[in-house]
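Asks: Sharing a structure with you now.
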Amino acid sequence: MKDAVKIRILQGDPIVHDVKNVVLPERYRGLPLIEDKLCADSCNKCAVVCPTNAIKLNPVSIDLGLCVFCPLCEETCPESIIHFSQNYHTAVDERANLKITSEVKSISPQMTSEKIRKYFGKSLKLRQISAGGCNGCELELNALSNVNFDMGRYGIEFVASPRHADGIVITGPLTENMANATKICYEAVPNPKVIILFGTCAISGGVFQNSEALQRKFLQENKIDLFIPGCPPHPLTFINGLLDWLNKSK
Amino acid sequence: MKSLEVQNNQCFDRAAIQFLDRDDFRNSVSELMQNNCRMIALTPVDVNNGRKIIAVLADSSSSMIHMVGGDFREGKLEFESWANDFPQTNYFECELSENYGYVPLNHPWLRPVRKQNVILKNKPYQFFKLEGEEVHEVAVGPIHAGVIEPGHFRFQCHGELVYNLEINLGYQHRGVEELLLKANQNQRIILSESIAGDTTIGHVFAHCNAIENLSNTQLSLRAEVIRTIASEIERIAMHLSALGGIANDVGFALPASSYGRLRTLAINSLAAICGSRFGRGLFVYGGVRFDLNETIINTVVENLKIINDDVREINKYLFSSVGALSRFEETGIVNTNLAKSIGLVGLAARASGIEEDTRINFPYGAYRYNPISMITLATGDVFARARMRAIEIEETIRFVFDQIENIPQGEIKSEHGRMAANSGVVSIVEGCRGEIVHIVFTDEARVLSNYKIKDPSFNNWYGLSLALRETAISDFPLCNKSFDLSYAGHDL
């Protein structure tokens, strides 16, 4: 018993109390900001180095649904137009809003419908499906339940069975071999239900977008409620995204 | 000798491999395995020419890697299986058969590796099935209760006891090897970081070693040391995560949550170094992208000190709990002989008393100058695998402190050249689970002709299967967590 108390004292107060305003490490790459400057003549270096073709030119834009948050474009740009900020608030509810241009300085999801807020505002139970995820996203989702992030305090939790869930969180690029299981799992969730895509692979296929081993039909057939970009996204991105979406972040 | 002998990361000429006829090939490989070599790959040199294959074998005692070529251009794609004498080759033969249509004759148990709906011997593959009174079958997955990767498990049980566990994987197959062949060099790094996201640094380390040695790129000592520091921090993080999982699976909440808290410190140290909690973006060809400065070193040292102090107390608490020990001890045993014969690698092998650690047997990077201790335990049960992690965390932190204190000065990035034509390289790295192998070949146009990856999980899943025999099915989660294997690394 004495030892248990000692361990508990060592634990201290590890929880992130204010999830909205955490200062992440200086080198953390969150929301990219694009300066309103002109590119050098016929320079396309950022678009060429981008491993997932996330960058379009004239004017410069980055699709966060494809971006793997590697620093290649930032370090390549001769005019220092692209800069990854430490802003981890990058979740959105519309795929189109993941396109970052020089006008976009922040992004966040719109509050969801009254119906969804009425059903899930106080308690949202999610079933996670890893469909080809490399275990990076899965570990970050697991971290949400640890003593640092403790997402349970907001009434949001992961559950074992789709029958107990209000929605699914998909990680990974949706492999052919997981296509059927994903569909069955989603069908087992009672209505109304939500779909959240966690990580660049789930949103667009990311670095695996050209693989023949994928089967992403499920995403075209169903409406996606929330997009959480990142490779993998920070746990705080997920928490804040959901809180904004459910209008709970006061 | 009929085999080509190379060292870890040594670039060699493809023409130096002798391709033997099928009988000679089979006998040469058998002979090497009789002399304590372990198979680490069975693959063609060129993916477009599946009829010329090589068997790659590692000899830990001499730190040499042997390559034996087999020429199957004439006749059928058949060879007499080694698996009856050397069970370690079993799964490699299944993989070769699945990918290139070879038939290993008299193979004891040909089964699918990554493909679904496989037809073997003209009928759909059936799971191994036990019949008789009081026998029952439990099927789990691909989607499991927790937030983890997918895999299918078939238990054949008699009452509470498991007679056989068949593990059917492949759900995570994304075609990494195929994509690596087509990718440009920026994409290759990102892809190798995504082979197994929990071993990001292990795999990208092996990948960079391979490509750099193919192009004769020399690294600065400082870059080598930063790489090893990152790789050891990843090991600490994953060991803490597995210990947390093990504690959680015996319902011991206090250590479980404490290990979780310490893991956050470990991965936040990686984020301080390179911006990503998993070490993404750190590795570039020719060195590392981010240097260590005083502020970052202070953050890392401070975090590791907390881990070092706290983990000792938590370990003491966990490993002196009678309740926990009664679940750990003599559960899921893989004894030394069994572990050797099925070719276990890495942490699981060392927990079964096998002295096998790539950092010592096939040293690479900074481990060539700064040795780390070999740690083994004898019992091969859940306890040994859990205790191994606890001891390795302490040794790893000591090693990292030592590295940080004596960090060499200099550049962090050197010029990266072109890959040599018609060459090959075998790169072995000790990831947090064990031996990661990347084998790379180029053709005359300096384009990759084959990229073969072997994650430690490829060897060790079968170890989990055998650990479950005669074990209560209720101990499965605990045994599974004690191995803590990667699905993505296996499925590629």
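Laboratory data are not the source of any read-out in this text; all were calculated from the coordinates shown. Keep in mind that this is a model prediction, so the values were computed, not measured. Note that we place each Cβ from the backbone using ideal geometry, even for glycine, and neighbour counts take in every protein chain shown.
Asks: I'd like the distance between the alpha-carbon centres of the stretch A:134-194 and the stretch B:4-63, rounded to an integer number of Å.
Replies: The two parts, judged by their Cα centres, are 43 Å apart.
Asks: When Cβ neighbours within 10 Å are restricted to other protein chains, what is their mean count per residue of peptide B:182-192?
Replies: Rounded to a whole number, the mean comes out at 4.
Asks: Sticking with this one: Can you compute the charge dipole magnitude of chain A about its Cα centre, using +1 on each Lys and Arg Cβ and -1 on each Asp and Glu Cβ, nothing else charged? Give it in debye, rounded to the nearest 20.
Replies: 920
Asks: List, in order, the whole-Hz ³J(HN,Hα) value for each residue of the stretch A:165-179 obtained from phi through the Karplus relation with A = 6.51, B = -1.76, C = 1.60 and θ = phi - 60°; use x for Gly and Pro.
Replies: Once rounded to whole Hz, the list reads 9, 9, x, 10, 10, 9, 10, x, x, 6, 6, 3, 5, 9, 4.
Asks: Next up: How far is it, in nm, from the label point at residue B:133 to the one at residue A:83 when both lie 7 Å from their Cα along the line to the Cβ?
Replies: Modelled inter-label distance: 7.9 nm.
Asks: Obtain the nm distance between the two label points defined at residue B:469 and residue A:8 by a simple spin-label model: each point lies 7 Å from its Cα along the Cα-to-C-beta direction.
Replies: With each label point 7 Å from Cα toward Cβ, the separation is 4.5 nm.
Asks: Here's a follow-up. Write out the trypsin sites (Lys or Arg not before Pro) in the stretch A:97-171 meeting two conditions: DSSP loop, and at most 14 other Cβ atoms within 10 Å of their Cβ.
Replies: Those satisfying the criteria are A:105, A:122.
Asks: Mean separation of Cα pairs under 8 Å and 6+ residues apart, divided by the residue count of the stretch B:176-468: what relative contact order is that in percent?
Replies: 26
Asks: Provide the percentage of antiparallel DSSP beta bridges, counting only those with both residues in chain A; round to the nearest 5.
Replies: Approximately 40 percent, going by the DSSP bridge assignments.
Asks: What does DSSP give for the protein assembly as shown in terms of the percent of beta bridges that are antiparallel, rounded to the nearest 5?
Replies: Of all bridge pairs located within the protein assembly as shown, approximately 75 percent are antiparallel.
Asks: For residue B:422 and residue B:126 in one chain, what is 0.36 nm times their gap in residues minus the Cα-Cα distance, to one decimal in nm?
Replies: The span from residue B:422 to residue B:126 would gain 102.4 nm if fully extended.
Asks: Under a straight-distance cross-link criterion of Cα-Cα below 28 Å, which lysines are reachable from residue B:316, leaving out those fewer than 8 residues away in the same chain?
Replies: A:2, A:6, B:305, B:481
Asks: Length gain on complete extension for the stretch residue B:319 to residue B:394, per 0.36 nm per residue less the alpha carbon to alpha carbon distance?
Replies: 25.5 nm
Asks: Considering only DSSP states other than H, G, I, E and B, which trypsin sites (Lys or Arg not before Pro) in the stretch B:48-116 qualify as loop sites with at most 14 other Cβ atoms within 10 Å?
Replies: Those that pass, being in a loop and sparsely packed, are B:73, B:76, B:115.
Asks: Would you please name the trypsin sites (Lys or Arg not before Pro) within the stretch B:144-186 that are DSSP coil residues with at most 16 other C-beta atoms within 10 Å of their C-beta?
Replies: Listed in order of number, the matching sites amount to none.
Asks: Separate question: How crowded by other chains is A:176-187, given as the mean number of beta carbons from other chains within 10 Å of each beta carbon?
Replies: Average per residue, whole number: 4.
Asks: Determine the dipole magnitude for chain B: charges of +1 sit on the beta-carbon of Lys and Arg, -1 on that of Asp and Glu, nothing else is charged, the reference point is the Cα centre, and the result goes in debye to the nearest 20.
Replies: Value, rounded to 20: 840 debye.
Asks: Here's a follow-up. From a point 7 Å beyond the Cα of residue B:330 in the direction of its Cβ, which residues of the stretch B:443-485 have a backbone N at a distance under 19 Å?
Replies: B:467-476, B:478-479
Asks: Here is a follow-up. Which distance in nm do the two modelled labels at residue A:61 and residue B:76 give, with both placed 7 Å along the Cα-to-Cβ direction?
Replies: Between residue A:61 and residue B:76, the label points sit 5.9 nm apart.
Asks: When the Karplus curve 6.51 cos²θ - 1.76 cosθ + 1.60 is applied with θ = phi - 60°, which whole-Hz ³J(HN,Hα) does each residue of the stretch B:358-374 get, with x for Gly and Pro?
Replies: Once θ is set to phi - 60°, the couplings for the stretch B:358-374 become 4, 4, 9, 6, 10, x, 9, x, 6, 5, 5, 9, 10, x, 10, 7, 7 Hz.
Asks: Extension gain residue B:16-residue B:85, at 0.36 nm per residue separation less the Cα-Cα distance, in nm?
Replies: 22.0 nm
Asks: Right, next: How do B:359-372, B:279-292 rank on mean C-beta neighbours within 10 Å, highest first?
Replies: My ranking of the peptides, most packed first, is B:279-292, B:359-372.
Asks: Can you compute the charge dipole magnitude of the stretch A:114-245 about its Cα centre, using +1 on each Lys and Arg Cβ and -1 on each Asp and Glu Cβ, nothing else charged? Give it in debye, rounded to the nearest 20.
Replies: So the magnitude is around 460 debye.
Asks: What's the tally of Lys pairs in the stretch A:114-245 whose alpha-carbon atoms lie under 13 angstrom apart, where the two lysines are 8 or more places apart or on different chains?
Replies: The result is 5.
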